[in-house]
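The values are calculated or read from the model by the stated rules, or taken from the named source; none is laboratory data. Not measured: the values here are computed from a predicted model. Heads up, the Cβs are rebuilt from the backbone with ideal geometry, glycines too, and the neighbour counts pull from every protein chain shown. The area values use the complete protein model at the heavy-atom level, side chains included, leaving out ligands, DNA and RNA. Shrake-Rupley method; radii C 1.70, N 1.55, O 1.52, S 1.80 Å.
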Amino acid sequence: HEFSVGTVDLVNRACEAAEDAFWSYGYLSREARAAFLEAIADEIEARADQITLIGAQETGLPEARLQGERGRTTGQLRLFAGHIRAGDYLDRRHDPALPGRQPLPRPDLRMIQRPIGPVAVFGASNFPLAFSTAGGDTAAALAAGCPVVVKGHSAHPGTGEIVAEAIHAAIAKTGMHPGVFSLIQGGRRDVGTALVTHPLIRAVGFTG
């Protein structure tokens, strides 16, 4: 099989699409984001046999290990869906104003967790599913309301590509902005450098 290799131009286009997506995705209801994460898990399961076949060919990992890791991946997505529905992660805090406090009055203080913008995620070589395209870092960023640009690992481009197809199917199914997720295949150092240093990227996830 032949796979494309990422370029700096593709990084720029993906980051710009992610920034564009942020202005809708970052302000969606928690329920809409939870449904999106669950749709990703469903679409991954719908491709289960294909993922195991391609993953085993690329990595040499036994089928049982890949099946277990796929379950961990979909489990993480569904766990985050439940977590954001509950709303505890927002860590809402409210300290009411104390106008009569001495020596100085205290203003009304409110705090809430907010999404920060596009996040870059680097796929791991040794976990083609649970710490790669739709792994824990991607699930966490999407749950928080942050679009994701993944740099796939060159050790398993086919596995990354089929998982990306599952995510894009979930985007279509739930009506998300298409820029909310992009996969750029690895293989060139300048791709990773461009992604990490891109001015629109607000955070980077990497499992070393």
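Given H placed on each backbone N at 1.01 Å, which residues far from LEU183 in sequence or on other chains put an amide H within less than 5 Å of it?
Long-range HN contacts for LEU183: VAL150.
Got the relative contact order for the chain handy, in percent, Cα pairs under 8 Å and 6 or more residues apart? Could the numbers behind the result be given before it?
Details: 381 pairs, mean separation 69.2, N = 208.
In percent, rounded to a whole number, it is 33.
Could you tell me what percent of the accessible area of the chain is made up of carbon and sulfur, with a 1.4 Å probe and every protein chain present?
Roughly 55 percent, rounded to a whole number.
Can you tell me which of 120-130, 65-75 comes out highest on packing, and rank the rest after it, using the mean Cβ neighbours within 10 Å?
Listed from highest to lowest mean packing, they are 120-130, 65-75.
Antiparallel as a % of all DSSP beta bridges within the range 34-192, to the nearest 5?
Details: 4 of 12 bridges.
Of the beta bridges lying entirely in the range 34-192, close to 35 percent run antiparallel.
For the range 118-158, what is one quarter of the convex hull surface built on the Cα atoms, given in nm²?
Over every viewing direction, the Cα hull of the range 118-158 projects on average to 2.4 nm².
Could you give each residue of the range 103-118 its phi-based ³J(HN,Hα) in whole Hz, using Karplus coefficients 6.51, -1.76, 1.60 with θ = phi - 60°, and x for Gly or Pro?
For the range 103-118, the Karplus-derived couplings read x, 9, x, 9, x, 5, 10, 10, 9, 8, 6, 10, x, 9, x, x Hz, x marking Gly and Pro.
Rounded, prolate or oblate: which fits the chain, taking a ≥ b ≥ c as square roots of the Cα gyration tensor eigenvalues, rounded meaning a/c under 1.5, else prolate when a/b beats b/c?
Judged from the Cα gyration tensor, the chain comes out prolate (a/c at least 1.5, a/b above b/c).
Give me the dipole magnitude in Debye, nearest 20, for the range 100-203 about the Cα centre, with unit charges on the beta carbon: positive for Lys and Arg, negative for Asp and Glu.
Working: 9 positive and 5 negative charges, 99 e Å.
So the dipole magnitude of the range 100-203 works out to roughly 480 debye.
Let me check the size of the range 134-208 from its C-alpha atoms; what are the radius of gyration and Dmax in Å?
12.3, 34
Relative contact order for the range 82-147: what is it in percent, counting Cα pairs under 8 Å that are at least 6 residues apart? Can you show the working numbers first?
Details: 67 pairs, mean separation 17.4, N = 66.
Computed value for the range 82-147: 26 percent relative contact order.
Which net charge results when you count Lys and Arg as +1 and Asp and Glu as -1 among the other residues whose beta-carbon is under 13 Å from that of ALA34?
That sum, taken over residues with Cβ under 13 Å, equals +1.
Can you give the net charge of the other residues whose Cβ lies under 13 Å from the Cβ of PRO115, counting K and R as +1 and D and E as -1?
So the surrounding residues net to +3.
Considering only GLY192, THR174, PRO105, whose Cα is most displaced toward the positive end of the charge dipole of the range 103-208, charges sitting on Cβ of Lys, Arg (+1) and Asp, Glu (-1)?
Comparing the listed Cα positions along the dipole, PRO105 ranks first.
When Lys and Arg each count +1 and Asp and Glu each count -1, what net charge do the other residues less than 13 Å away from HIS198, Cβ to Cβ, add up to? Please report the intermediate quantities before stating the final value.
Values: positive: ARG13, LYS151, ARG202; negative: ASP9, GLU16, GLU19, ASP190.
With Lys, Arg at +1 and Asp, Glu at -1, the net is -1.
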